[in-house]
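Before anything else, here's the structure in question.
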Amino acid sequence: MAAPRSCVLWSCGRGWWRALPACRFPGLCSSGSGVPLGARHLSQQKRTTETHFGFESVSEEEKGGKVHQVFESVAKKYDLMNDMMSLGIHRVWKDFLLWKMQPFPGTQLLDVAGGTGDIAFRFLNYVQAQHRRKQKRQLRTQQNLSWEEIAKKYQNKEDPLGGSFVMVCDINKEMLKVGKQKAVGQGYDTGLAWVLGDAEELPIHDDKFDVYTIAFGIRNVTHIDRALQEAYRVLKPGGRFLCLEFSQVSNPVISRLYDLYSFQVIPVLGEIIAGDWKSYQYLVESIRKFPSQEEFKEMIEDAGFQKVTYESLTRGIVAIHSGFKL
């Protein structure tokens with residue numbers, strides 16, 4: 001997947017960042033044209049290598065463009081199709097991802113391939129609720145406060161997120177556009193930023209985030225190993241990697257039913273709702289090409305993560321992998 005050579009960044013609430021022609025903000029960087037000629041030549045050689053786009057064999061360079069076209073095409077109907085394809089169960093999977101993360105006020109989250117904001121918004125809701133519970137516990141312990149002092153504490157305009165922050169990174173402008181529109185419509189105006197960037201070459205400096213999440217995105221990356229290495233690089237020591245992704249069903253009966261639904265129903269839904277049969281045929285095929293739970297666990301370990309575990313949900317239709325940078 002071709003990596004962008006600059007980053008475009010938007011933020012909500014604090015006015016920290018604006019759209020930039022090239023990245024200048026500390027903690028964010030662009031590869032620019034300063035790549036050594038030898039490295040560029042090696043990169044060009046690698047792009048001639050074949051990979052898969054669903055069940056189709058394509059060059060690595062071609063795959064990046066094809067995946068980009070898929071998500072540009074489905075962006076406006078992406079959330080609706082997720083509800084239709086999974087019968088709404090994707091919401092439970094994402095809620096469970098946040099439950100496993102258990103972020104606390106002050107957590108800095110990088111959500112990659114998170115263009116429409118589903119994980120980011122859940123994160124903000126979670127830490128805001130945590131912060132409110134913390135405030136209430138503090139007030140209960142201060143029994144001698146007057147009514148006026150209690151009222152002032154509730155009226156105090158402190159950060160409702162307790163210092164938490166989430167950056168949504170996606171390679172597709174249309175997906176980010178949908179996410180930003182949802183943020184405005186749902187009233188998310190603080191602790192949130194949007195950045196255009198490639199999972200294989202993140203426009204972010206080392207050791208910047210407490211948690212890295214990627215939900216239903218890593219199977220679309222051309223070089224999964226590079227994306228995992230980037231996740232490791234941008235996490236702080238002690239930081240956590242969490243990936244929610246479609247996986248392999250072990251029960252043969254359920255697997256046959258799942259295949260029947262996937263190949264016979266999902267592309268038809270894509271045509272009816274999004275007017276795009278081919279994109280959803282690719283999405284179904286890409287799930288079958290993704291490594292098994294154990295194979296992906298080994299890939300995460302190869303990237304340097306420790307204490308790597310996974311949990312299969314809904315009979316293995318999806319799995320959540322977790323690892324730590326120690």
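The values are calculated or read from the model by the stated rules, or taken from the named source; none is laboratory data. All values derive from a computational prediction rather than experimental measurement. All Cβ positions, even for glycine, are placed from backbone atoms using ideal geometry, and neighbour counts span all protein chains on display. Note: areas computed on protein heavy atoms with side chains; ligands, DNA, RNA excluded. Shrake-Rupley method; radii C 1.70, N 1.55, O 1.52, S 1.80 Å.
Let me spell it out: the conditions are (1) among the aromatic types (F, W, Y); (2) in contact with a Ser or Thr (Cβ under 9 Å, 6 or more places away or on another chain); (3) under 22 Å from S292 (Cβ atoms), and W194 meets all of them except one. Which number is the exception?
Failed condition: (3).
Condition check ((1) closer than 22 Å to I218 by Cβ; (2) surrounded by 20 or more Cβ atoms within 10 Å (Cβ to Cβ); (3) modelled with pLDDT of 70 or more; (4) of a type in the set (D, E, K, R)) across all residues:
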site	(1), (2), (3), (4)
R47	yes, no, no, yes
H68	yes, no, no, no
Q102	yes, no, yes, no
A113	yes, yes, yes, no
Q130	no, no, yes, no
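Taking only region 258-279 into account, find how many residues are over 24 Å from the mean Cα position of the chain (by Cα) and among the polar types (S, T, N, Q).
1
Name the single residue that is least open to solvent (accessible area, probe 1.4 Å) among those in region 79-100 being of a type in the set (D, E, K, R) and without any contact (Cβ under 8 Å) to a residue 40 or more places away in the chain.
By that ranking, first place goes to D83.
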